[in-house]
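As structure tokens, the structure follows; a few thoughts come after it.
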Amino acid sequence: MKFFDADYFNSLDTTGKKELLAIARSGIDNADSGMGCYAQNPTDYEKYGAYLDPIIRAYHGVSADKKQVNNWSLSGIAGLPADGKLDVTKLGLDALSMRVRVGRNLASFPLPGAMTKDDRVNLENKMRKAFELVKAKEGGRYYSITPGSPDFIDETKYNELVKAHIMFKDMAADTYLASAGIASDWPYGRGCYVSEDKGFIVWVGEEDHLRIMAMKKGTVINDVFDRLKGCIDMIESIDGLKMAMSDTYGVITSCPTNLGTGMRASVHLKIPKLTAGGSDAKAKAVCKPLGLSVRGMGGEHTAIGADGTCDISPSGRFCISEAEIVTALYTGIKNLKAEEDKL
């Protein structure tokens, strides 16, 4: 609302007004929304840049002249240990639960907020064929919650996967996603691919067309980062899977908060002193100047662990490279552990 300009809105034709209102619908319906808008089509960021660009720059704290540059190479990144290994045992920590994920959208479809039921099912079927090629390398299978799908799973199996943090929750219950149109037609076109070792997962039909993630319990963050890169390269090399990208904004995502890299790199870290009393308020106050975000064990809007375990990740997404994000995670863990140890 802060950036809504009535003169700009009134300069649009009827279609433009409808499209801009669809982008802003989530914030109109939900006054407590942090961002308040979701792009409906990959072209929205350019087409409605007069409205969206100032929002993006303000949220990410990036000046108007900066553009996204994507880079996965750790070579020469500030803060990287001399041997190039992001090994948490060097920080005095044991094995941690580590995860790196990215959002991706296919250029040939509207973004989830503007998709029809047929769009959703067609995208899922396109990905089902792609996963047949992925399975040759990674094993595993695709689980669909689309009624009638050859890969359909029942409610019991779905709930089992949700409980194991493998599948995403019922989106229809999320008022932000419902207002944005992203949760429409639930559960059609939704599912997830899971590798044989459960270390590589792809969500289909959530907030973005694809959420691609690599995870493991280990000590070297490079392991999940490198695996994710390899798996993304494999998916993007499949014929017909061209991803939506922008020369200015990099990776195109539904939510402007994820633009740039679409990446979130995180670990589960025990910080019992910073979360004493069961509150994450002190942890968040310490993490903010360190460039870190704190979430509960199940992700956003969930509780921290009884033992003080929190989900810690760098907050930067836009005008930062993938390599810088994963290195910032390592540096952030080091700095956060120092704050915990002071107590």
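The values are calculated or read from the model by the stated rules, or taken from the named source; none is laboratory data. Just so you know, these numbers come straight off a predicted model, no measurement behind them. As a convention, Cβ positions derive from the backbone with ideal geometry for all residues, glycine included, and neighbour counts pool all protein chains shown.
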(message) Only one of Val134, Val220 is under 30 Å from Thr327 (Cβ atoms), in contact (Cβ under 8 Å) with a residue 12 or more places away in the chain, among the β-branched types (Val, Ile, Thr) and in contact with a Leu (Cβ under 7 Å, 6 or more places away or on another chain). Can you tell me which?
(response) Val220
(request) With respect to Val102, determine if the residue is touching a residue at least 24 places away in the same chain (Cβ under 8 Å), outside any loop (DSSP other than H, G, I, E, B), more than 22 Å from Ile252 (Cα to Cα) and not hydroxyl-bearing (Ser, Thr, Tyr). (result) no
(message) Being acidic (Asp, Glu) and more than 24 Å from the chain's Cα centre (by Cα) is the requirement here; does Glu322 meet it?
(response) no
(message) So for the stretch 275-292 (the condition being within 22 Å of the chain's Cα centre (by Cα), of a type in the set (A, V, I, L, M) and modelled with pLDDT of 90 or more), does at least one residue qualify?
(response) yes
(request) Starting from residues that are surrounded by 18 or more Cβ atoms within 10 Å (Cβ to Cβ) and among the charged types (D, E, K, R), keep the ones in the stretch 271-301 and report whichever is farthest from His60 (Cα to Cα). (result) Asp280
(request) For the stretch 11-64, name all the residues that are more than 23 Å from the chain's Cα centre (by Cα) and under 16 Å from Ala114 (Cα atoms). (result) Thr15, Gly16, Lys17, Lys18, Glu19, Leu20, Leu21, Lys47
(request) State whether the residues of the stretch 68-81 include one that is in contact with a Lys or Arg (Cβ under 7 Å, 6 or more places away or on another chain), of a type in the set (Gly, Ala, Ser) and surrounded by fewer than 15 Cβ atoms within 10 Å (Cβ to Cβ). (result) no
(request) Evaluate the stretch 330-341: report whether one residue or more is assigned to a loop (DSSP other than H, G, I, E, B), over 24 Å from Met35 (Cβ atoms), hydrophobic (A, V, I, L, M, F, W, C) and over 17 Å from the mean Cα position of the chain (by Cα). (result) no
(message) What's the number of the only condition in (1) in contact with a Ser or Thr (Cβ under 7 Å, 6 or more places away or on another chain); (2) closer than 30 Å to Ala244 by Cα; (3) not small (Gly, Ala, Ser) that Ile304 fails to meet?
(response) (2)
